[in-house]
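Notes follow once the structure below has been shown.
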Amino acid sequence: MSMDIAIPQPVERENYLNKKYGVWSWLLTTDHKRIALLYLLSITFFFFIGGFFALLIRLELLTPAGDLVQADTYNKLFTMHGMVMVFFFLIPSIPAVLGNFLVPMMIGAKDLAFPRVNLLSWYLYVIGGVLMLHCMLTGGVDTGWTFYAPYSTNFTNTKIVEAGLAIFIAGFSSILTGLNFVVTIHRMRAPGMTWSRLPLFIWAHYATSIIQLLGTPVVAVTIVLVAAERALHLGIFDPKLGGDPLLFQHLFWFYSHPAVYIMILPSMGVVTEIIACFSRKRIFGYSFIAFSSIAIAVFGFLVWAHHMFVAGMSVYAALVFSLLSYAVAVPSAIKVFNWTATLYKGSIHYDAPMLYAFGFLGLFTIGGLTGLFLSALGINVHVTDTYFVVAHFHYIMVGGAVMGYLGGMHFWWPKISGRLYPEGWARLAALIVFIGFNLTFFPQFLLGYMGMPRRYYDYSHMPEFQVLNVLSTAGATVLGVGYLLPMVYFLWSMRYGKPAPDNPWNAAGLEWMTASPPTTFNFEEEPVVTWEAYNYEELDSPDKDAPRSQEVPVAR
Amino acid sequence: MPDSTAVLPQEEQRPELLHHFSDAEQQRDASSLGMWLFLATEVMFFGGLFCAYLVYRRWYFADFGAASKSIDATLGATNTAVLICSSLTVVLAVWAAQTARRTLLLLMLAITMLLGCAFLGIKAVEYKDKFEEHHVPGASFSFEHVPIPGHPDQYANPRHAQIFFSLYFVMTGLHALHMIIGLGIFSWLLSMAWKGRFTPEYHTPVEIGGLYWHFVDIVWIYLFPLLYLIDRHP
Amino acid sequence: MYFGIWAALLIFTFVTYKAAFIELGRFNAAVALGIATLKATLVALFFMHVWHAGEKLTKVVVISALFFLLLLLGLTMTDYATRLWS
């Protein structure tokens, strides 16, 4: 099989997209690649819903007075923005789309370990999503995405139980995806695919899956308790009945902190793949990145109370959690150093995926460093519940996770769709996203540090903050354009894009040894792996006609 | 292009082998690992409740003692024994499947289900008692003038006792729900066994169904002392 | 062998039940939890076949689940146990 850019035959080969037509062949599929596309449609839908709420929030904040919406409505806006973005976009995004599509192919398997459970995961996600939509359309929730007790259990009149049920169901979708990945990675690797030959994308998803498995059940049972408390006035979180609101926060954040690592780890996996490919180098410090992924997953469970420093918890416990929060930054920093070292003396190509990876590197670093600011108890008292926190987590979630997601979508788009996206437009979109993002969120660091509280719809007692808010809203508009562009040209490419060769980037990895798009069972014969990961030296060697160690029978 | 869904000769003899696995052993190992991981998630699911229990037991030990004393420890101990016996029948069922003893398998599966129903029956009696004594949290909850064990002159705080009962009902209720799901799983196993679908080579569903049942037993092994035996001295 | 474990479990249940009525002060809880842990361990090791598990991975999964449960309980208690200090 030649690594040159070959012109595929004009007659369309059978692949996973055209193997069977009809709605039911999609809705009852067990092919991990089709399920990935089902997820792609669903999460994109929710991304735009969450984005719509963000737009309304930013429009309200253009002026100091609360003049666009009422206070209660604003509370619902930021709550729904958070719930939709966290539970229905960020948590599934990379694992459910890119993970589902690529994990079996990267390890040389025909499918995930439990394909029917995979389909069930998608249906659970959809059911949760429909429930959440219904909840939003019939009044929504106004507690903030963190639905703290006792407001959520005793005082609010909004639809907590319905939203909670939606999240509960979507949570099971997440748990089952994680379960599928762990079993697949343990049991279905092709012969020769040892742990140290796995792409770091797989290590990242393995670590993510551990978090999904062990953390999500705790928030699930917390939701059960909140629902029970609302219905029966049990008193578990109600101070008047002897309960402790902080217990809710402990149980909630035990999941929700590791959840943020569910959102960022897959993105780190994507970035690792992209940086290796577009520097034409083996990743520097493979084992460091692999083990730091696991370390992030484990340490991530040790730090949750840093969300509660000013809530009334014991200051001695706060000291412990503050120290642990500093420790959790170390594995992430190790990754940043290793990515940088990979770039050094690499042959850098500035294709769109790489632009997103560069964006990730800078923005995730800023977001991560500001996390350290927040871990310091003294600073935390000053900036908790201000826009500093909002900016911190958006730098990581949007500047980090979403950039990684977009980079990954561009990188693997030829494999997924069999088409090339227009590179010029893609680079432009990446630039627009980067500029729009920074214009939106950097002013928020300043606003927070100067004291603007979050979740306020009216800041007319602090009119001096308007300038930065206007900048932020302007940035949000630019960012929105940047997000719409890929939607448009990805769709365009499905019809008018140039047909993609099997390996347009000449990248390493078993997934690039399948056809673009792949057949339903990925590999005609089970591949036998005899080479190390990221063997870019071999791929780029001038001796292209020498017998390659990578002869893998490809389904044609 | 060759049809990759063609059935190979050996697959016809083992229709349970799913096509994406390379052999039966891989499928069995995958199923087993999958169930163990699921049980790990269940540990964390119940774990949240145990955490809430731990916090409030420390805070309100005396009131919890009084509330705990008002539930019937003999029924609780009986239920514990029932579940232990059912665990035995489960493990014997797995052995029967491994050694192709169809009748024993059917018998053990059926007895397990009977014991499960007995457990739920005893639970129902307990719940009924609690309902009659107005110990169910909610509008009609009442726990007045109940002395604290060892301090007959002090009365338990009804609000704190309500927290105990809230945890009691949520934890045992969730446990009972898992029992009911377990009964569903075992009725499916029973029907599969009746149709003769299990052989010494293929009885994975019995094994992993058994794992689930043992887990539900283990949860009860902890619930019994924590809920029923907090403070029983006179 | 299964019958032996079964008998042991029933005996431990009886012991736990009886011990609850004996005044041991703080050790009541320790005894009850200790016996419960012993019973749970017997069920896991022998009824769930963890002792004879073909793969280390099963034991790793069990230990991890316990580890994270203890983390949840333990780190939460660092807050509750120290709130009233100073």
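The values are calculated or read from the model by the stated rules, or taken from the named source; none is laboratory data. In this text, all values refer to a predicted model and were calculated from it rather than measured experimentally. Virtual Cβ from ideal backbone geometry, glycine too; neighbours counted across all protein chains shown.
Taking the condition surrounded by fewer than 24 Cβ atoms within 10 Å (Cβ to Cβ), in contact (Cβ under 8 Å) with a residue 40 or more places away in the chain and either among the aliphatic types (A, V, I, L, M) or in contact with a strand residue (DSSP E or B) (Cβ under 8 Å, 6 or more places away or on another chain) (or both), does A:A227 pass? Yes; evaluated as a whole, the condition is true for this residue.
For the stretch A:147-172, the tally of residues that are within 25 Å of A:I211 (Cα to Cα) and in a loop (DSSP other than H, G, I, E, B) stands at 3.
The single condition among (1) out of contact with any Ser or Thr (no Cβ under 7 Å at 6 or more places or on another chain); (2) under 18 Å from B:F141 (Cα atoms); (3) facing chain B (nearest Cβ under 7 Å) that A:T222 does not satisfy is (2).
Return a yes/no flag: does the stretch A:77-97 have any residue that is small (G, A, S), more than 14 Å from every other protein chain (Cβ to nearest Cβ) and not in a helix (DSSP H, G or I). No, the stretch A:77-97 contains no residue that is small (G, A, S), more than 14 Å from every other protein chain (Cβ to nearest Cβ) and not in a helix (DSSP H, G or I). Is one or more of the residues making up the stretch C:34-53 touching a His at 6+ places or on another chain (Cβ under 6 Å), without any contact (Cβ under 8 Å) to a residue 12 or more places away in the chain and crowded, with 19+ Cβ neighbours inside 10 Å? Yes, because at least one residue in the stretch C:34-53 is touching a His at 6+ places or on another chain (Cβ under 6 Å), without any contact (Cβ under 8 Å) to a residue 12 or more places away in the chain and crowded, with 19+ Cβ neighbours inside 10 Å. Cβ-Cβ contacts under 6 Å between residues 6 or more apart (or on different chains), taken from a first residue in the stretch B:134-162 that is more than 13 Å from chain A (Cβ to nearest Cβ) to a second residue that is surrounded by 12 or more Cβ atoms within 10 Å (Cβ to Cβ) and of a type in the set (V, I, T), are listed as B:Q154/B:I148.
Conditions tested, residue by residue: (1) without any contact (Cβ under 8 Å) to a residue 24 or more places away in the chain; (2) surrounded by fewer than 21 Cβ atoms within 10 Å (Cβ to Cβ); (3) closer than 15 Å to B:F169 by Cβ.
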site: B:M44; (1), (2), (3): yes, no, no
site: B:L49; (1), (2), (3): no, no, yes
site: B:L54; (1), (2), (3): yes, yes, no
site: B:F61; (1), (2), (3): no, yes, no
site: B:A66; (1), (2), (3): no, no, no
site: B:T74; (1), (2), (3): yes, yes, no
site: B:T78; (1), (2), (3): no, yes, no
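Checking each residue in the stretch A:99-134 for being among the aromatic types (F, W, Y) and in a helix (DSSP H, G or I) picks out A:F101, A:W122, A:Y123, A:Y125. Counting only helices (runs of 4 or more DSSP H) that fall entirely inside the stretch B:8-116 and contain at least 1 residues that are facing chain A (nearest Cβ under 10 Å), the qualifying elements are B:24-59, B:61-69. When each of A:F254, A:F201 is tested for being in contact (Cβ under 8 Å) with a residue 40 or more places away in the chain, touching a Gly at 6+ places or on another chain (Cβ under 9 Å) and within 14 Å of chain B (Cβ to nearest Cβ), the lone residue that passes is A:F254. Applying the criterion of being touching a His at 6+ places or on another chain (Cβ under 7 Å) and hydrophobic (A, V, I, L, M, F, W, C) to the residues of the stretch A:409-462, the residue that is nearest to A:L40 (Cα to Cα) is A:A426. Here the condition is being modelled with pLDDT of 95 or more, in a helix (DSSP H, G or I), surrounded by fewer than 17 Cβ atoms within 10 Å (Cβ to Cβ) and among the aliphatic types (A, V, I, L, M); of A:L324, A:L374, A:L369, it holds for A:L369 alone. Only a single criterion out of (1) more than 14 Å from every other protein chain (Cβ to nearest Cβ); (2) under 30 Å from A:P245 (Cβ atoms) is not satisfied by A:A318, namely (1). Taking the criterion of being small (G, A, S) and not in a helix (DSSP H, G or I), the residues of the stretch A:284-321 that qualify are A:G285, A:A311, A:G312, A:S314.
For the stretch A:50-72, filtering for residues that are touching a residue at least 40 places away in the same chain (Cβ under 8 Å) and part of a helix (DSSP H, G or I) leaves 8. Suppose the filter is aromatic (F, W, Y) and surrounded by fewer than 13 Cβ atoms within 10 Å (Cβ to Cβ); does C:W6 pass it? When the stated conditions are applied, C:W6 does not pass them.
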